[in-house]
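One structure below.
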Amino acid sequence: MPVGNTETLYCIGCGAALQTTNPQAAGYLPAARLAKVTDEDAEVYCQRCFRLRHYNEIQPVELTDDDFLRLLNTIGEENALIVNVVDIFDFNGSVIPGLHRFVGDNPVVLVGNKADVMPRSIKRGRVRNWLESQAHNQGLRPVSTVLMSAKKPADIERLLTVIDRYRGDRDVYFVGVTNTGKSTLINGIIKQTSGVQDLITTSRFPGTTLDRIRIALDDGHGLVDTPGIIHRHQMAHYLSDKDLKLVAPTKEIRPKTYQLESGQTLFLAGLARFDFVRGHRSGFTAYVDNQLLIHRTKLENADDFDTRQRGALLQPPRPDDLADFPPLVRTEFTPKEDSDLVFAGLGWITVPAGVTVAGYAPEGVDVLLRPALI
């Protein structure tokens, strides 16, 4: 049952109500630790958050997608400024389907986070225009679009200026899919405005924030961190914790260009595959994490090579993860304009107009074509 004689106490890391009865449920705190909790405690962490913060150890909890959506669905009933945080590197994997229906009449500020991992050759204005166009395709009409890195104090200051411009007499709700850096951003805001560091639990693991976390502002309103919506089409859900860094770049991407003849294949480790099926000799540029293995081979040998080398040369997946790793599914494209072939949560490869290519990704992970960002 929740702790506290007169009111429920909440974990400051993930927002879950603290309880002592079920170690597998959100907010669990051992009874011995509970006995030391007083109303004066400013920072109380559940066992899950304590282990995550100190040992980088994740414990699953009994929450469903419906639990997350139920919390998100109440936002339209609030009078709030909505700050929607997306991952620029993985827009398609970080957009919340139908968000425009959840927010009601509340204004939305769109934040393109992780701008620091995009190559400097990509002009910020072009990225911003592209991001707004993608948002419009999703039914969102943001009042402002901000490109930033949650790790840079100057970027946080710019965002705070935008929030102050549009907040008015409202709370500010931060929403986003898991792994967009939303809680990292709020931690940066808290540190910059109050000096308190790492108040909210953050990690690469999907689903860290489990309930609303409210941080009071001086005028009686607050910043509210909502649970990250779990997007099942993200590559992160198919990787072990050892390999999550490969789908969550932290350093500027160094694009790799390959001059390919028709009938050649690029393996993106064992996570995805790119076939040049038909067309004239062309350059294809891969935008993925700098540490991700890219291996070139002949298309006619690709299936056999995949069978022999998956879990060996082609890692991840690692040998211990092969049994649970989904099969790769093929999708073919012949773009009429220069495009990006996107592997959701992993990156993209540029494709010139008029050629035929095929993309493979784990079953359930989106492979799609979009107008070229570059």
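The values are calculated or read from the model by the stated rules, or taken from the named source; none is laboratory data. Since the model is a prediction, treat every value here as computed from it, not as a measurement. Neighbour counts are summed over all protein chains in view; Cβ atoms, including those assigned to glycine, are modelled from backbone coordinates with ideal geometry.
Of all the numbered requirements in (1) farther than 18 Å from Met235 by Cα; (2) basic (Lys, Arg); (3) surrounded by 22 or more Cβ atoms within 10 Å (Cβ to Cβ), Arg308 misses one, and that requirement is (3).
Residues checked against (1) modelled with pLDDT under 75; (2) surrounded by 21 or more Cβ atoms within 10 Å (Cβ to Cβ):
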position: His231; (1), (2): yes, yes
position: Asp241; (1), (2): yes, no
position: Glu252; (1), (2): no, no
position: Phe274; (1), (2): no, yes
position: Thr285; (1), (2): no, no
position: Leu292; (1), (2): no, no
position: Thr297; (1), (2): no, no
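Within region 155-173, residues that are part of a helix (DSSP H, G or I) have Cβ atoms under 6 Å from residues that are surrounded by fewer than 19 Cβ atoms within 10 Å (Cβ to Cβ) and at pLDDT 85 or above in these pairs: Val162/Ser144; Tyr166/Pro107; Tyr166/Val143, counting only partners at least 6 apart in sequence or on another chain.
Yes or no, residue by residue, for (1) farther than 30 Å from Val143 by Cα; (2) at pLDDT 80 or above; (3) not assigned by TED's automatic domain parsing to the domain that holds Asn187:
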| position | (1), (2), (3) |
| --- | --- |
| Gly15 | no, no, yes |
| Gln47 | yes, no, yes |
| Glu57 | yes, no, yes |
| Asn73 | no, no, no |
| Val83 | no, yes, no |
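Of everything in region 328-372 that is at pLDDT below 90 and in contact with an Asp or Glu (Cβ under 6 Å, 6 or more places away or on another chain), the residue that is surrounded by the most Cβ atoms within 10 Å (Cβ to Cβ) is Gly345. The residues of region 137-189 that are of a type in the set (A, V, I, L, M), in contact with a His (Cβ under 8 Å, 6 or more places away or on another chain) and within 15 Å of Ser94 (Cβ to Cβ), listed by number, are Leu140, Val177. Scanning region 210-229 for residues that are at pLDDT 65 or above and β-branched (Val, Ile, Thr) turns up Ile213, Ile215, Val224, Thr226.
Among the residues of region 129-154, those identified as assigned to a helix (DSSP H, G or I) and aliphatic (A, V, I, L, M) are Leu131, Ala135, Ala154.
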